[in-house]
1. Out of 301, 237, I need the residue that is touching a helix residue (DSSP H, G or I) at 6+ places or on another chain (Cβ under 7 Å) and farther than 25 Å from residue 78 by Cβ. Which one?
2. Kindly establish whether residue 396 is outside the structural domain of residue 86 (by TED's automatic domain parsing), under 21 Å from residue 295 (Cβ atoms) and touching a residue at least 12 places away in the same chain (Cβ under 8 Å).
3. Would you say residue 10 is crowded, with 24+ Cβ neighbours inside 10 Å and over 19 Å from residue 349 (Cα atoms)?
4. With the requirement that a residue be modelled with pLDDT under 95 and within 25 Å of residue 129 (Cβ to Cβ), what does region 11-65 give you?
5. In the set 358, 310, which member is farther than 21 Å from residue 114 by Cα and surrounded by fewer than 23 Cβ atoms within 10 Å (Cβ to Cβ)?
6. Using the structure shown, decide if residue 171 is assigned by TED's automatic domain parsing to the domain that holds residue 43, under 30 Å from residue 284 (Cβ atoms), touching a helix residue (DSSP H, G or I) at 6+ places or on another chain (Cβ under 8 Å) and at pLDDT 95 or above.
7. Could you check residue 71 against (1) assigned to a loop (DSSP other than H, G, I, E, B); (2) within 25 Å of residue 327 (Cα to Cα); (3) modelled with pLDDT under 95 and say which number it fails?
8. Being in a helix (DSSP H, G or I) and not assigned by TED's automatic domain parsing to the domain that holds residue 287 narrows it down to one residue among 208, 179; which is it?
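The values are calculated or read from the model by the stated rules, or taken from the named source; none is laboratory data. Quick caveat, the model's predicted, so the values are computed rather than measured. FYI the Cβ positions are ideal-geometry reconstructions off the backbone, even for glycines, and counts take in every protein chain you see.
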């Protein structure tokens, strides 16, 4: 094949992983094609979440100085709430430690953020050695990965046409049909390795958001919920402040949801009606709704091989997500894996070896990064969060304790230790309580 028609790399998917890879390739001087099936990057990604870490500053230095940057608010206020049907007991932390950029967490609305980041990639392409030969191609459905007779990935087929490359990066998201086509993932993913995420964006107006949540400037709050948030079903809830709106939603275990007979929309409405949440969303207008399959962070769901001859998998296509209780981390994992896969592609193309052995540096870089170290190190926490005690006994115990501890009613006051002893007896046996504490100690 004429080298003029051969890309150094083809990226499938224009989400955060794909765009991060594209930015890295453009700056590295590669000739590449990014194929995105949406009408624009972000067209398929409604609602939003939190992008943790500082990799965004690595891709777009001093992004916070832009008047119309793609982010909403930086996070300096964190809250974790344990809920029973009528109450909420929270661990709350706010610090000016998080006020100084580069921020370690920013809320984003994906349709806006992805489109903004794609614009930055276009700028990087224009300044690259291949301004007329590298492309972000939207509204392009990749039908299959092209394999040669030896099973090596050599490009993609889209729109009935073949496009060839020295290597391919699959950043197609959790609905990873192409990853399955090339045999890196089984056709069937166990239901307990995936969840249903359901979100709404509720517009309140900037002044209302800032007054209601005591925010200043672009500061923001994240609030995670367990217990009655999902009516005792495996999962949890979240609320994030955007510039003028809130992102509110649930992540519910697929297996548990199916067994419950409930619908995600019904559970989300019940969550929004809870006394602790109703006052936060009061008077808001729902402007977006979405539901999608998401990974749970169980490392057993990650494909054994993330590379093959001519191909690597990045982001949630490889189920690289973690919720260990401290934060829901998905977008930052996508960004870091996109960067690492592109760096590996640049090195492999320069060395003239994009075989599985030539791309092995990707797995080495992943294993050395916080992505795999945290996924490996916090698996006990992932499993603990999915235990029935975390959605049942523990939130109810915390709320019963709070109800008595904070009640002042002109009667003799009991010591906190006595209250805790009685609510523990009411909700969980001593041995189970000790086991839960030991697991929590080992997990975190």
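1. Values: 237 fails: farther than 25 Å from residue 78 by Cβ.
Being touching a helix residue (DSSP H, G or I) at 6+ places or on another chain (Cβ under 7 Å) and farther than 25 Å from residue 78 by Cβ holds for just one of 301, 237, which is 301.
2. The answer is no for residue 396.
3. Numbers: crowded, with 24+ Cβ neighbours inside 10 Å: yes; over 19 Å from residue 349 (Cα atoms): no.
Taking the combined requirement at face value, the residue does not satisfy it.
4. 41 - this is the single residue of region 11-65 that is modelled with pLDDT under 95 and within 25 Å of residue 129 (Cβ to Cβ).
5. Values: 310 fails: surrounded by fewer than 23 Cβ atoms within 10 Å (Cβ to Cβ).
Sole residue among the options that is farther than 21 Å from residue 114 by Cα and surrounded by fewer than 23 Cβ atoms within 10 Å (Cβ to Cβ): 358.
6. Details: assigned by TED's automatic domain parsing to the domain that holds residue 43: yes; under 30 Å from residue 284 (Cβ atoms): no; touching a helix residue (DSSP H, G or I) at 6+ places or on another chain (Cβ under 8 Å): yes; at pLDDT 95 or above: yes.
In short, no.
7. (3)
8. Numbers: 208 fails: not assigned by TED's automatic domain parsing to the domain that holds residue 287.
Exactly one of 208, 179 is in a helix (DSSP H, G or I) and not assigned by TED's automatic domain parsing to the domain that holds residue 287, namely 179.
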